[in-house]
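Data block below; observations after.
What follows is calculated from the coordinates using simple rules that are stated; it is not laboratory data. Predicted model only: the values in this text are computed from it and were never measured. All Cβ positions, glycine included, derive from the backbone under ideal geometry; neighbour counts span all protein chains shown.
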Amino acid sequence: MKSRKFYLALVIFSLVGQVAWVMENMYFNVFIYKMFNASAEAISAMVSASAVAATVTTLLVGAFSDKIGKRKLFICGGYLCWGVSILSFALIRMDVINALFPAAASAASIGVSLVIVMDCVMTFFGSSANDACFNAWVTDSTDETNRGAVEGINSMMPLLAILVVFGGFMGVDLNKQSGWTLVFLVIGAVVFLMGLLGFFLIEEKKLDTRGNEHYFANLIYGFRPMVIRENKTLYITLLAYSVFGIAINIFMPYLILYYTVSLGMDNYVLLFAPAIILAAAFTFFYGKVYDRKGFRISVLPPLGLLMGGFLVLFFFKNTALVFAGTLIMLCGYLSGMAVFGAMLRDRTPEKKAGMFQGQRIIGQVLIPGVIGPAIGAWVLRNADTIVNDDGTTSFVPNENIFLAAFVAAVCIFGVLLPLFGLLKKEKKNAE
């Protein structure tokens with residue numbers, strides 16, 4: 001039984017970290033679309049660059065945290081720097097860009113480039129703190145008896161963070177620069193304060209660093225053929241999780257734009273918020289199914305829900321049906337994350353949690369973050385356009401992103417079949 005302090009640290013740091021990631025993964029797309037008229041290709045490039053930065057950072061910092069046997073220092077220090085980097089986005093404005101580059105032919109293009117560069121800087125600090133060390137700390141602090149339940153809580157946070165961000169800033173006019181400045185200042189300050197709080201809240205057990213003394217050996221440990229052969233289940237699960245992530249990333253960068261621009265739902269938060277609350281509640285209870293029934297039984301219902309939600313969102317634009325499709329999709333998305341996440345933690349070798357976070361990020365972030373948005377941009381290559389008030393044009397996302405996501409989700413079963421066979425064989429050998 002974990003302590004209340006552990007669960008408090010889990011909830012607070014997971015939620016605040018996901019609030020920062022929500023701003024990056026969903027709000028940055030809207031930010032450069034509204035402030036700098038970014039194209040679908042520019043949004044795809046930003047997501048991909050951030051995914052690469054997250055992967056490299058997690059590999060380097062995760063292995064180093066295993067070497068020195070420390071997680072808390074990286075978590076707290078990382079959150080402090082993460083908060084400062086978010087605050088810096090308040091300075092990326094057209095008036096500042098025009099003052100710094102008066103001879104520039106396109107201040108908007110410079111703005112997009114600055115956001116992409118600073119996104120990578122922000123990702124470095126965020127991935128050091130959250131992806132590499134916070135996730136390793138969660139793995140260190142749990143075992144096979146409670147990882148499903150803990151991962152159920154952890155997996156709720158991405159969409160609860162969406163609720164916090166969207167609900168908290170619902171009254172802010174994001175068509176104006178002043179609105180974005182407020183968003184960056186508030187979220188940056190909250191993330192910074194969490195870094196300070198962590199020094200008092202996070203309990204860190206002493207880690208056994210024997211066998212982890214050689215940093216560069218740790219860095220490539222997870223890529224060794226022998227290690228891959230010894231942990232086949234882990235790597236095949238990662239592959240399946242990658243395809244799952246590709247399906248999500250095909251539509252997710254464009255989801256808010258689809259609601260607001262394509263469907264004209266200016267009050268989309270009122271639709272999204274209850275769907276998130278219900279999906280989070282569903283995931284909280286569903287995470288325990290993994291602990292009781294195992295991966296093979298618990299992974300299939302989330303995939304069915306995810307694909308069903310995609311179909312509803314593809315075929316219907318009525319508000320009630322869009323809500324139903326969103327709810328079904330979110331239930332599948334969150335519960336699927338919980339099941340895959342718990343399976344990965346169960347299969348991570350002991351004393352190697354930090355160095356294996358890099359492999360997790362490759363499967364969960366890099367591959368989906370590069371391939372998914374690129375597919376989405378390709379699907380939207382001939383999308384309709386609208387003329388903005390300043391005479392510029394912007395693309396209009398359409399429902400085809402959900403059909404493409406459905407096709408990607410079907411491909412998950414091609415990876416799950418051999419994985420199920422391997423799990424069945426392991427169970428037979430154990431008996």
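Hey, what's the Cα Rg ratio for the chain versus the globular rule of thumb, 2.2 N^0.38 Å?
0.96
Once fully extended, how much extra length lies between Asn429 and Val387, figured as 0.36 nm per residue of separation less the alpha-carbon to alpha-carbon distance?
Answer, rounded to one decimal: 8.7 nm.
I need the phi-derived Karplus couplings for segment 44-50: 6.51 cos²θ - 1.76 cosθ + 1.60, θ = phi - 60°, integer Hz, Gly and Pro marked x.
Rounded to whole hertz, the list is 4, 5, 5, 4, 5, 4, 5.
Label segment 115-155 by shape, choosing from rounded, prolate and oblate, from the square roots a ≥ b ≥ c of the eigenvalues of the Cα gyration tensor; if a/c is under 1.5 it is rounded, and otherwise prolate applies when a/b is larger than b/c, oblate when it is not.
prolate
Which values, in whole Å and largest first, are the semi-axes of the equivalent ellipsoid of segment 21-151 obtained as the square root of 5 times each eigenvalue of the Cα gyration tensor?
Equivalent ellipsoid of segment 21-151: 34, 15, 12 Å, largest first.
Evaluate the relative contact order of the chain (contact order divided by residue number), counting alpha-carbon pairs under 8 angstrom at least 6 apart; express in whole percent.
29
Just want to confirm a number: the relative contact order over segment 133-282, from Cα pairs under 8 angstrom separated by 6+ residues, in percent.
Details: 31 pairs, mean separation 64.1, N = 150.
Value for segment 133-282: 43 percent.
Residue-wise, which Karplus ³J(HN,Hα) couplings in Hz belong to segment 159-168, taking 6.51 cos²θ - 1.76 cosθ + 1.60, θ = phi - 60°, and x for glycine or proline?
These are the phi-based 3J(HN,Hα) values: 7, 4, 5, 4, 4, 4, 5, 5, x, x Hz.
I'd like to know which of Tyr254, Pro274, Tyr235 lies farthest towards the positive end of the charge dipole of segment 172-307, counting +1 on Cβ of Lys and Arg and -1 on Cβ of Asp and Glu.
Among Tyr254, Pro274, Tyr235, the one farthest towards the positive end of the dipole of segment 172-307 is Tyr235.
Which value, in debye to the nearest 20, gives the size of the charge dipole of the chain about its Cα centre, when Lys and Arg are +1 and Asp and Glu are -1 at the Cβ? Could the numbers behind the result be given before it?
Values: 32 positive and 26 negative charges, 308 e Å.
For the chain, the charge dipole is close to 1480 debye.
Do the sum for the chain: with -39,500 (n - 2.57) for every DSSP H run of n ≥ 4, divided by all residues, what is the mean residue ellipticity at 222 nm, to the nearest 500 deg cm²/dmol?
Computed mean residue ellipticity for the chain: -24500 deg cm²/dmol.
How would segment 135-194 be classified by its alpha-carbon gyration tensor: rounded, prolate or oblate, with rounded meaning a/c under 1.5 and the a/b versus b/c comparison settling the rest?
Cα axes put segment 135-194 in the prolate bin.
What is the magnitude of the charge dipole of segment 1-152 about its Cα centre, with +1 placed on the Cβ of each Lys and Arg, -1 on the Cβ of each Asp and Glu, and no other charges, expressed in debye to the nearest 20?
Roughly 460 debye, rounded to the nearest 20.
Sort segment 262-366 into rounded, prolate or oblate with this rule: let a ≥ b ≥ c be the square roots of the eigenvalues of the Cα gyration tensor; rounded if a/c is under 1.5, and if a/c is not under 1.5, prolate when a/b is larger than b/c, oblate otherwise.
prolate
Name the residue from Ser155, Leu91, Ala374 whose Cα lies farthest towards the positive end of the charge dipole of the chain, charges +1 on Cβ of Lys and Arg and -1 on Cβ of Asp and Glu.
Ser155
Show which lysines lie in cross-link reach of Lys176 when reach means a straight Cα distance below 21 angstrom and same-chain residues fewer than eight apart are skipped.
Lys34
Return the lysines within reach of Lys70: Cα separation strictly under 24 angstrom, same-chain partners fewer than 8 residues apart disregarded; answer none if there are no such residues.
Partners within reach: Lys2, Lys5, Lys205, Lys206, Lys351, Lys352.
Which one, Ser48, Leu59, Met226, projects farthest toward the positive side of the charge dipole computed for the chain from Cβ point charges (K/R +1, D/E -1)?
Met226
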